[in-house]
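Trainee: I have a structure here, written as structure tokens, and I will follow up with some questions on it.
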Ligand code: 5GP
């Protein structure tokens, strides 16, 4: 059943699951014998990460980071604060950054520079949702689930005010829930 705060289901749970399985198979084939480390950013990406790794039948490891943007005035600089750092070294490792959604790209742009400095053998990006309309930092996405229009989406890990992460589908939030302007 659709949640009352959801205006439209953009991607059903079945569509998301099917695409995640495809991405996992593609990654598993590409990274066979390379034991990649999947680096994900809390909290939005954990649902995607959890399903993705179960579609990858190869040796791999997982690490998690948590970041927060500085205030909106400095957000355009792409400065982010690291709340939780990697718990293992990625030096010489094959890194796959697993992201829920790439919007402006500023968060990821900062993160990529940070990860590069740690000397990994390679870094590739896997995102479930690509929202290219508002992109400010050029990001080369290696594995992409879906390209979506510039709408504020929730579910499958994505929140609004920490709610809706547990919805099994990707939905568009009813505007009456957030008032005049969509959250950005
Ligand atoms: P970026 O730095 O690419 O603008 O922002 C990426 C982050 O902003 C995502 O990881 C996510 O937390 C949040 N975000 C961007 N677009 C949306 C959206 O449509 N819905 C939700 N719930 N979060 C979003």
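The values are calculated or read from the model by the stated rules, or taken from the named source; none is laboratory data. These numbers come from a predicted model, not from an experiment. Quick reminder, even Gly has a Cβ in these numbers, built from the backbone with ideal geometry, and neighbours come from all protein chains shown.
Trainee: Do the conditions hold for residue 20, that is, is it more than 16 Å from the ligand (Cβ to nearest atom) and within 13 Å of the chain's Cα centre (by Cα)?
Mentor: Numbers: more than 16 Å from the ligand (Cβ to nearest atom): yes; within 13 Å of the chain's Cα centre (by Cα): yes.
Yes.
Trainee: What pairs come up if the first residue lies in the stretch 99-120 and is closer than 22 Å to residue 150 by Cβ, the second is part of a helix (DSSP H, G or I) and within 14 Å of the ligand (Cβ to nearest atom), and their beta carbons are under 7 Å apart, counting only those six or more places apart or on different chains?
Mentor: Cβ pairs passing all conditions: 99/108; 100/48; 102/108; 103/134; 104/134; 106/75.
Trainee: Same structure, new question: Starting from residues that are within 13 Å of the ligand (Cβ to nearest atom) and modelled with pLDDT under 95, keep the ones in the stretch 45-73 and report whichever is nearest to residue 143 (Cα to Cα). Outline the logic, then answer.
Mentor: First, pick out the residues of the stretch 45-73 that are within 13 Å of the ligand (Cβ to nearest atom): 45-49, 65-70, 72.
Narrowing further to those that are modelled with pLDDT under 95: 67-70, 72.
Values: 67: 22, 68: 24, 69: 24, 70: 28, 72: 29 Å.
Applying the filter and picking the extreme gives 67.
Trainee: For residue 167, which of the numbered conditions (1) buried (at least 17 other Cβ atoms within 10 Å of the Cβ); (2) outside any loop (DSSP other than H, G, I, E, B) fails to hold?
Mentor: The single condition residue 167 does not satisfy is (2).
Trainee: So, one more: In the stretch 135-184, which residues are more than 13 Å from the ligand (Cβ to nearest atom), closer than 22 Å to residue 1 by Cβ and in contact with a helix residue (DSSP H, G or I) (Cβ under 6 Å, 6 or more places away or on another chain)?
Mentor: Listed by number, the residues that qualify are 168, 169.
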